[in-house]
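Chemist: My structure is below; once you've seen it, I'll send some questions.
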Amino acid sequence: MSDLPDAATMNERDLKNVVNDYRTKISQNERTLKAVFRDLKLHRTNIDELKEKRDKLNAQVKELAAKAREEKKLRDAVNEKIAEIKASNEKIRGEKDKITGSISELKAKRDEYNKLSRGSVDSLTKAYAAELDKFLNADIPLKHEIDIFGRLTELQQRIDSASNADDIHKKIVETYKKSESIYKSDGTVGGSVKDLAEESQKHHLTMLDSYKKVDELRKEADMYHSQIKETYDVVSPIREKIDPLKAKISQLRDELSIYLDKLNDIQLEKDEKKIDEKHNVAKEKFEKTGKMSLQDLKLLMEKGDIKF
């Protein structure tokens, strides 16, 4: 303030000129400040609109992402069921292969015994009984006895082979009966692999579609967010003008008050002088004529010339 013109040394005209200059400067700065606030309001409106669009898109992203996660959860559950079926099928296939191998081994042994026996136990036993009867009861030469004895030995071996073949055949039949449930089983656990695979694919495609939409919406939301940031970058230097303008206006008002106070003092002096002049006229009039107006009475009472 030391650089300001000294109000004490200025006449009324100069003071009025300075006051008018200050008022002009204040008015200019106030208009500039209002323009700044208008700009900020416009940008604020734009930012609010961008935020509304961004937030709406983000809400859709959140909803679609939740849907995608749910579809993934359903797909994984179906895939787990498929894995269970495949594991069950693999286990059953292993059991079937094991049983089939066991039965094949038994059949091979049975067929081998059947080759050795070349007949059933019943037919061979009858043949053995007939030969044995001849051997024991018939009157035959020694050579024939030796031949019969040889045939009896061979028949006994064939009967043993036939008996072994029968025993193995029974085991084969028992094995088939015991494994019947395994051979009938298809390993299905709550649905076929084909049906479940189709269901899994449906959930998978829905999940991918949701994630695709999520990416598209997120990109759009990011675009609005970038626009918000760009707008803030524009707003920031505009907002920085506010405080300096307010400070400048306040400073101008403070400086203006100095000159206004001086003008007021001059005006008061002029008013006092006028009042004194009016008082002197009223006093002189009253003293000479004894007459006075209400205004004259008021002046004389204020100056203490008349008391009641």
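The values are calculated or read from the model by the stated rules, or taken from the named source; none is laboratory data. Because the structure is predicted, anything quoted here is derived from the model rather than measured. So basically every Cβ, Gly included, is an ideal-geometry build from the backbone, and we count neighbours across all protein chains shown. The protein model used for the area step is the full one, side chains on, heavy atoms only, and it has no ligands, DNA or RNA in it. Shrake-Rupley method; radii C 1.70, N 1.55, O 1.52, S 1.80 Å.
Chemist: With axes computed from alpha carbons, what is the tilt in degrees of helix 242-289 against the longest principal axis of the chain, rounded to the nearest 10 within 0 to 90?
Modeler: Taking the Cα atoms of the chain, the angle to 242-289 is about 30 degrees.
Chemist: If you scale each eigenvalue of the Cα gyration tensor by 5 and take the root, what three semi-axes come out for segment 54-107, rounded to whole angstrom and sorted largest first? Numbers along the way, then the final one.
Modeler: Numbers: eigenvalues 524, 4, 3 Å².
Working from the Cα gyration tensor, I get semi-axes of 51, 5, 4 Å.
Chemist: Tell me, what is the FRET efficiency for Glu230 and Thr32 to the nearest 0.05, using R0 = 25 angstrom and their Cβ-Cβ distance as r? Display every interim value, and only then the final one.
Modeler: On the way: r = 24 Å, r/R0 = 0.97.
Between Glu230 and Thr32 the formula returns 0.55.
Chemist: Candidates (i) 11; (ii) 16; (iii) 71; which is the computed percent of Cα pairs over 36 Å apart?
Modeler: Computing percent of Cα pairs over 36 Å apart and matching it to (i) 11; (ii) 16; (iii) 71 gives (iii).
Chemist: Can you tell me the 0 to 90 degree angle between the C-alpha axis of helix 193-239 and the longest principal axis of the chain, rounded to 10?
Modeler: So the inclination is approximately 20 degrees.
Chemist: Which of the listed residues, Gln157, Leu300, Ser102, is farthest toward the dipole's positive end in the chain, when Lys, Arg count +1 and Asp, Glu count -1 at the beta-carbon?
Modeler: Result: Leu300, furthest along the dipole toward the positive end.
Chemist: Roughly what would the spin-label model give for Asn11 and Ala108, points 7 Å off Cα along C-beta, in nm?
Modeler: 14.0 nm
Chemist: Just the Cα atoms of segment 116-250, one point each, no solvent: what log10 I(q)/I(0) does Debye give at q = 0.13 Å⁻¹?
Modeler: The Debye formula, applied to the Cα set alone, gives -0.86.
Chemist: Same structure again: Return the single residue from Leu124, Leu64, Leu40 with maximal mean-square fluctuation; model: Gaussian network over the chain, springs between Cα atoms under 10 Å.
Modeler: Leu124
Chemist: Okay, next question. For His43, put the label point 7 Å out on the Cα→Cβ axis and report which residues of segment 214-243 keep their amide N under 15 Å from it.
Modeler: Answer for segment 214-243: 227-243.
Chemist: Using a 7 Å offset from the Cα along the Cα-to-Cβ direction at both Phe135 and Asp215, what is the distance between the two label points in nm, to one decimal?
Modeler: Between Phe135 and Asp215, the simple spin-label model gives 9.1 nm.
Chemist: Let me ask something additional. Roughly speaking, what is the stretch gain from Phe149 to Lys273, that is 0.36 nm per residue apart minus the C-alpha to C-alpha distance, in nm to one decimal? Walk me through the intermediate numbers first.
Modeler: Details: separation 124, 0.36 × 124 = 44.64 nm, distance 17.76 nm.
That pair, Phe149 and Lys273, stretches by 26.9 nm at full extension.
Chemist: Protein chains only, probe 1.4 Å: how do His203, His43 rank by accessible area, largest first?
Modeler: Details: His203 20, His43 50 Å².
Output order, biggest surface exposure first: His43, His203.
Chemist: Which whole-Hz couplings ³J(HN,Hα) result when phi for each residue of segment 98-107 is put into the Karplus expression 6.51 cos²θ - 1.76 cosθ + 1.60, θ = phi - 60°, listed in order with x for Gly and Pro?
Modeler: Per residue, the Karplus-derived 3J(HN,Hα) values read 5, 5, 4, x, 5, 5, 4, 5, 5, 5 Hz.
Chemist: Same structure again: Taking 0.36 nm per residue of sequence separation and subtracting the Cα-Cα distance, how much length would be gained by fully extending the chain between Asn264 and Asn280, in nm to one decimal? Don't skip to the answer; put the middle values down first.
Modeler: Numbers: separation 16, 0.36 × 16 = 5.76 nm, distance 2.38 nm.
Answer, rounded to one decimal: 3.4 nm.
Chemist: Measuring from label point to label point, each 7 Å out along Cα→Cβ, what is the Glu63 to Ala83 span in nm?
Modeler: The two pseudo-label positions are separated by 3.3 nm.
Chemist: Next question. If I ignore ligands, DNA and RNA and count only protein heavy atoms, how much of Lys291 is accessible to a 1.4 Å probe, in Å² to the nearest 10?
Modeler: Approximately 140 Å² of Lys291 is accessible to the 1.4 Å probe.
Chemist: In nm, what is the difference between 0.36 nm times the number of residues separating Ala247 and Tyr176 and their Cα-Cα distance? Let's see the in-between values first.
Modeler: On the way: separation 71, 0.36 × 71 = 25.56 nm, distance 10.36 nm.
Net length gain for the segment: 15.2 nm.
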